[in-house]
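The values are calculated or read from the model by the stated rules, or taken from the named source; none is laboratory data. Because the structure is predicted, anything quoted here is derived from the model rather than measured. In this analysis, Cβ positions are derived from the backbone assuming ideal geometry, glycine residues included, and neighbour counts consider all displayed protein chains. In case anyone asks, the SASA skips ligands and DNA or RNA and just uses the protein heavy atoms, side chains included. Shrake-Rupley method; radii C 1.70, N 1.55, O 1.52, S 1.80 Å.
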Amino acid sequence: MESFAANPFRYFLDRVLRVERPDPPGLREDRMNRGTAMHAVLARAYRRTMGEDGIDPTLELLREEVASMKPRGRLLARWHEGLWETERALLAAWSEAFPAQAATYRSDFGSNWDEGPSTSQLEAAFGYRTPEEEDEVVHRDDRPDAARFPNRPDGVPVTGRIDRLDVGTIEGETAYNIVDYKTGSSLPKFAAEQIAGGTSLQLALYAIAAKRCGLVPADAVARFLVYWGVKEEGPKNGVSNGRKKCVEELLPTLEDDLDAIVPRLAEAIRGGVFPISPEKAETQVFSDHARVGRAAEVRAVAERLEKWPPPWHPAAEESDDDE
């Protein structure tokens, strides 16, 4: 839904028409599979330490998991085996920084708790299983139903998988952190207005879904939403409003925004509404589909014809109110 809100026409090309860029000849890196592999390494390492309160995987344990990783899919050609060894070496290099990052997480996001936070669930899935999911996801047959937005039987069902859910107590109340690992070069952040526009839903949606799906007690309090840059940055607060570092104060507003925007986005997708209306004109500059979706030119015409902003965008409501 985030990709649709940010650029509906690109969503149409990628998800509906499934237009793919022709691969260049020769070898190239696969960043998506690399990220998936790193997620699997961390999940397996943490499963081996779960139950030991406050214990994070050691570097030796991470190295063991990296060494045991196998390439997915069919048997690779001999020249691909060399690429896999290079990928494995890169994962091992990333693992070197993880213990220090874990200590930073405990300091920045785990202080002043009565107990914990300790890792409660890893790769916590909710809703039906998708074809893209890893085979090693545990308890996939026992996963909770999809979260619904708004929270009623006819709400839009949303599925997902939370990388890591840490739970503890603060002043006698159950509290939890949502952790999402990232393997890119920079970490995203979100502000409340991005939730309302649908362009940054992930962490807020996970925080609400954890309660609605029973992954945490119904009266539990969301404490931090954390993006964790495995490659370089380590754990960072995902909320861009620094004055409210704990998400507890923001959550009621975020919940209302999600209950409003998710049905709008779902209605637009189901209705086949895919305008070329990116949130920022530069989102198409380096797109695989730039030749068929030239954002700057289309945006100028769309505004002149009063077809911008799209109907689900908060600015659309403001223009309606002005009328």
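Calculate the spin-label point distance for Glu171 paired with Glu60, positioning each point 7 Å from the Cα along the beta-carbon direction, and give it in nanometres.
In this crude label model, Glu60 to Glu171 measures out at 4.2 nm.
Report the accessible area of Ser186, computed with a 1.4 Å probe over the heavy atoms of all protein chains in place, in Å² rounded to the nearest 10.
90
When the accessible area of segment 100-240 is computed with all protein chains present and a 1.4 Å probe, what percentage of it is carbon and sulfur? It would help to have the intermediate numbers written out before the result.
Working: 2510 of 5960 Å².
C and S atoms contribute 42 percent here.
For a test of the definition: using alpha carbon positions, the gyration tensor, and the 1.5 limit on a/c, classify segment 164-207 as rounded, prolate or oblate. Spell out each step's value before the answer.
Working: a/c = 3.04, a/b = 1.56, b/c = 1.95.
Cα axes put segment 164-207 in the oblate bin.
Taking a 1.4 Å probe, which of Ile55, Ile208 shows the most accessible area, and what order do the others take after it?
On the way: Ile55 80, Ile208 5 Å².
Sorted by accessible area, descending: Ile55, Ile208.
By how many nm would the segment from Ala89 to Ser111 lengthen if fully extended, with 0.36 nm per residue of separation less the alpha-carbon distance?
Details: separation 22, 0.36 × 22 = 7.92 nm, distance 3.36 nm.
In short, 4.6 nm is gained.
Could you order Leu59, Leu90, Leu42 so the one with the most accessible surface comes first? Probe is 1.4 Å.
Numbers: Leu59 35, Leu90 55, Leu42 0 Å².
Descending accessible area places them as Leu90, Leu59, Leu42.
Just read off the accessible area of Thr253 with the full protein assembly in place, 1.4 Å probe, to the nearest 10 Å².
Solvent-accessible area, nearest 10 Å²: 70 Å².
Based on the mean of other beta carbon atoms within 10 Å per residue, what is the order of 94-102, 4-12, most packed first? All intermediate terms of the calculation are to be shown ahead of the outcome.
Working: 94-102: 17.0, 4-12: 21.7.
Those peptides, ordered most packed to least, come out 4-12, 94-102.
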